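Following: one structure in structure tokens, then a few remarks.
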Amino acid sequence: MLLVQFKSLDNVRHVGLVSRDGRSLQVLRATRSIYDLALEAGEAKTGLERLVGDRIGDEEVDYDQVISEKRLLPPLDHPDPAHCYVTGTGLTHLGSAQARNTMHAKLQDEQAQLTDSMKMFKLGLEGGKPASGKVGVQPEWFYKGDGGCLVPPGHPLELPPFALDGGEEAEVVGLYVISRSGDVLRVGFTLGNEFSDHVLERKNYLYLAHSKLRNCSIGPELLTGDLPTSISGTVRLLRGGDELWAETFLTGEANMSHSIANLEYHHFKYDGFRRSGDVHCHFFGAATLSFSAGVNARPGDIFEISAPPFSRPLINPLVASGLSGTLVTVQPL
């Protein structure tokens, strides 16, 4: 089941179920957000899909029209963006077969001087998929911001004046709501562009935290239920209407060094991330980057990320921020 959040022409929020042919959205009755729907399902101890089935009304809207008029919203958000955490984990994917073979050869060379990143990747290979009920190794973890950094599908990602680069990262994102009793509710999965500053990160890996503090985009659709074990998607960079670069990206547990359950445990084991009512959007990691292929995105380019079982791509143009880059000063009291 695929769900979408969008606004009507009179600016009222709605939740829609994507039709089987992907052309229309069946509007849910008396439902203004997937957040409210998830909390209700958690409190009633019922499945989200069953609750959605009970809410399907007779009204349908044209999906293409909603997209063209840029009325899509992120597939999960919070009424107060400060109560939405946007985070992620890195070094979690095996990459292409060629990249995988190269990494394994290096890891098996006892004389090789492994970087900290390779050591972390090796830890994931050896202990990222523990047996059921067991705890695996911790992944790399990063913070991107609160809900204010989420850009709706179709809307521009902004390159701040201090940035050295702004490149896409095509990923799957886990979407969660913390119930009123403190239970972690996985609402579903969506596509994400974990937009980052790769030039800054390459200067020194200790700049990773800074490189991640950027806006990002998720959506347009929320997939309920389990994530397919193997997903093969396409990420494209368009410039002037032409395809500048495109590549296949692989995700799903079959293409990862960590299980989803292990990544979820090491995020939600912290008490502060199980606060009642909060939303969490957690990026599971990327394996394919245009930056790694020597491509540097620039304002005016368009990022496009698509993958089954999602019916529509996540598309965002890149623009230069309107901020002047003026030095920020602190006023003592």
Original post:
Hey, TRP245 hits all of (1) part of a strand (DSSP E or B); (2) open to solvent by 50 Å² or more (accessible area, probe 1.4 Å) but one; which does it fall short on?
Top reply: (2)
Original post:
Going through segment 134-183 one residue at a time, which ones are within 26 Å of LEU123 (Cα to Cα) and open to solvent by 40 Å² or more (accessible area, probe 1.4 Å)?
Top reply: LYS134, VAL135, VAL137, GLN138, GLU140, TRP141, TYR143
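State yes or no: is LEU222 open to solvent by less than 60 Å² (accessible area, probe 1.4 Å), more than 14 Å from the chain's Cα centre (by Cα) and either within 18 Å of PRO313 (Cα to Cα) or at pLDDT below 95 (or both)? Working first, answer last.
Values: open to solvent by less than 60 Å² (accessible area, probe 1.4 Å): yes; more than 14 Å from the chain's Cα centre (by Cα): no; either within 18 Å of PRO313 (Cα to Cα) or at pLDDT below 95 (or both): yes.
Criteria not met by LEU222.
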Original post:
Out of (1) in contact (Cβ under 8 Å) with a residue 24 or more places away in the chain; (2) more than 29 Å from LYS269 (Cβ to Cβ), the odd one out for ARG202 is which?
Top reply: (1)
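What about ILE67, is it within 23 Å of the chain's Cα centre (by Cα) and farther than 30 Å from SER276 by Cβ?
Working: within 23 Å of the chain's Cα centre (by Cα): yes; farther than 30 Å from SER276 by Cβ: yes.
Answer is yes for this residue.
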**OP:** Note down all Cβ pairs under 7 Å where the first residue falls in segment 27-40 and is free of Cβ contacts under 8 Å to residues at least 12 places away in the same chain and more than 15 Å from PRO75 (Cβ to Cβ), the second is open to solvent by 10 Å² or more (accessible area, probe 1.4 Å) and not in a loop (DSSP other than H, G, I, E, B), and they're at least six residues apart or on different chains.
**Re:** GLU40/LEU51
**OP:** Quick one: SER276 ticks every box in (1) among the hydroxyl-bearing types (Ser, Thr, Tyr); (2) touching a strand residue (DSSP E or B) at 6+ places or on another chain (Cβ under 7 Å); (3) under 30 Å from VAL319 (Cα atoms) except a single one, so which number is it?
**Re:** (3)
Original post:
Taking GLY240, is it under 17 Å from the mean Cα position of the chain (by Cα) and small (Gly, Ala, Ser)?
Top reply: no
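Of the residues that make up segment 246-253, is at least one in contact with a Pro (Cβ under 6 Å, 6 or more places away or on another chain) and at pLDDT 95 or above?
yes
Would you check which residues across segment 316-333 are aliphatic (A, V, I, L, M) and farther than 15 Å from ASN215 by Cβ and list them?
So the first thing to find is which residues in segment 316-333 are aliphatic (A, V, I, L, M), and the list is 318-320, 323, 327-328, 330, 333.
Selection gives LEU327, VAL328, VAL330, LEU333.
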Original post:
Which residue, of SER276, SER292, SER311, is of a type in the set (S, T, N, Q) and assigned to a helix (DSSP H, G or I)?
Top reply: SER292
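Here's the yes/no breakdown for (1) open to solvent by 20 Å² or more (accessible area, probe 1.4 Å); (2) on the phi > 0 side of the Ramachandran plot:
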| position | (1), (2) |
| --- | --- |
| ALA209 | yes, no |
| LEU227 | yes, no |
| ARG236 | yes, no |
| GLY241 | yes, yes |
| THR251 | no, no |
| MET256 | no, no |
| ALA261 | yes, no |
**OP:** Scan LEU323, LEU327, LEU318 and give me the residue that is in a loop (DSSP other than H, G, I, E, B), touching a residue at least 24 places away in the same chain (Cβ under 8 Å) and over 30 Å from LEU17 (Cβ atoms).
**Re:** LEU323
Original post:
How many residues are open to solvent by 10 Å² or more (accessible area, probe 1.4 Å) and in a strand (DSSP E or B) when one looks only at segment 188-207?
Top reply: 0
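The values are calculated or read from the model by the stated rules, or taken from the named source; none is laboratory data. Just so you know, these numbers come straight off a predicted model, no measurement behind them. When we count neighbours, we look across all protein chains shown, and the Cβ atoms used for this are built from the backbone with ideal geometry, even at glycine. Only protein heavy atoms, including side chains, enter the accessible area calculation; ligands, DNA and RNA are left aside. Shrake-Rupley method; radii C 1.70, N 1.55, O 1.52, S 1.80 Å.
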